[in-house]
Structures are given as C-alpha cells and as structure tokens.
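Worksheet for the structure shown next.
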Amino acid sequence: GFIGNNLIGELLQKKKKAIIYVLVRKESKKKFEAQKSEWGTGAKRVIPITGDLTRPMLGIPAKKRRELEGEIGHIFHLAAVYDLLADAESQMRVNVDGTHNAVKFAENIKVRRFHHMSSIAAAGLYPGIFREDMFEEAHGLDNPYFRTKHDSEAVVRHECHVPWRVYR
C-alpha cells in the first residue's frame, strides 16, 4: 500500500545494507514485483515472503520462521482494512485478528521491536484532543472501523511481549 511503499523507499535510503522482508499475499505477488521498480537499485534487498495476515503465524511455515529467528530487528505492521464502510467481519479479521497474528509472529521470531500503524480512529468519537498518552479514554466506538482500530491497538498495548511503538 501507500504507506508501506513509502516506508520501504525510506528504509532503503537510510539502511544501506539492510535486507527488508515484506509479507506478500500470494495473489499480490505481481503487484509487489511491479512496485519493486520504484525502489531503484535497492530493490534487490527487498525480499517477499508469501503469507497471510489472517492466518496464525502469518501463514509462514515453521522452517522459514526458524530461518528468520533473531535476524529481524523491526517489524512494521501496516496492514489493515482502512475502508470505513467495509463489513465488520472483514475489518475484525484483518485489523484485530491480523494484529494478533503479527504480534505472535514477532514474538516467535524474537524481533527486537514491533511497530504498529494505528489510527486516530482508535479514539472513536472522543471530543477534543486525543493525546498520544490517551487510550482508555476512547469512546463512541460503535462504528466497526473505530472499534477494530481501537481493539488492534489494544492487542499491541496489552499482549505484545517485545518492545513496541504505536503510530497514529
């Protein structure tokens, strides 16, 4: 997506020797390959790993997880259903269950830091300024998007056992 594409470009510029692994759904491999042309010569350091956010351990086989164990410094979890009108079930599956799966994967491979892209939607309909140090104060979470963004951030805040950061 937009954020991931730009993040990869930035990482390639700032981390000149880093290998960047990208979770790619089987049906998105062609799109991924097309995007690689935007990353220039650094694109050879971007390695796709076929998986599925909605599956336990991201659908990545145990053998591959063992290869990655202790080798990954940071996981950036950017995937989500961003459509306010998407059905509640698909938002729950991707936004909340997907975050849970990403956190468990990060713990399994002993990542050093987990980065979660949240949203101001995690505040729900909170009136006024919703500061970075606020979370439990959220309310008006009846909309499935607001609810799932709040709940996915809660997964990171309450279940992630590796150091983490949340971005809204």
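Quick look at the values:
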{"read-out": "Residues of the range 117-128 satisfying the condition of being open to solvent by 90 Å² or more (accessible area, probe 1.4 Å) and under 21 Å from the mean Cα position of the chain (by Cα)", "value": "I120"}
{"read-out": "Selection within the range 10-44 - within 18 Å of H116 (Cα to Cα) and surrounded by 12 or more Cβ atoms within 10 Å (Cβ to Cβ)", "value": "L11, I20, Y21, V22, L23, V24"}
{"read-out": "Filter result for the condition that a residue is among the aromatic types (F, W, Y) and open to solvent by 20 Å² or more (accessible area, probe 1.4 Å), over F105, F76", "value": "F76"}
{"read-out": "Among the residues listed as D133, D97, D87, D151, the single one being over 23 Å from N5 (Cβ atoms), in contact with a helix residue (DSSP H, G or I) (Cβ under 6 Å, 6 or more places away or on another chain) and charged (D, E, K, R)", "value": "D151"}
{"read-out": "Scan of the range 134-167 for residues that are open to solvent by less than 90 Å² (accessible area, probe 1.4 Å), under 20 Å from K110 (Cα atoms) and not in a helix (DSSP H, G or I), ordered by number", "value": "C160, V162, P163, W164, V166"}
{"read-out": "Lone unmet requirement of (1) open to solvent by 70 Å² or more (accessible area, probe 1.4 Å); (2) within 19 Å of R55 (Cβ to Cβ) for R131", "value": "(2)"}
{"read-out": "The range 120-141 residues that are farther than 19 Å from A88 by Cα, paired with ones that are in a loop (DSSP other than H, G, I, E, B) and among the hydrophobic types (A, V, I, L, M, F, W, C) (beta carbon under 6 Å, 6 or more apart)", "value": "Y126/A138"}
{"read-out": "Hits in the range 18-42 - residues which are out of contact with any strand residue (DSSP E or B) (no Cβ under 8 Å at 6 or more places or on another chain), touching a residue at least 12 places away in the same chain (Cβ under 8 Å), assigned to a helix (DSSP H, G or I) and not charged (D, E, K, R)", "value": "Q35, G40, G42"}
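The values are calculated or read from the model by the stated rules, or taken from the named source; none is laboratory data. Quick caveat, the model's predicted, so the values are computed rather than measured. Note that each Cβ is placed from the backbone with ideal geometry, even for glycine, and that neighbours are counted across all protein chains shown. All accessible areas refer to the heavy atoms of the entire protein, side chains included, with ligands and DNA or RNA removed. Shrake-Rupley method; radii C 1.70, N 1.55, O 1.52, S 1.80 Å.
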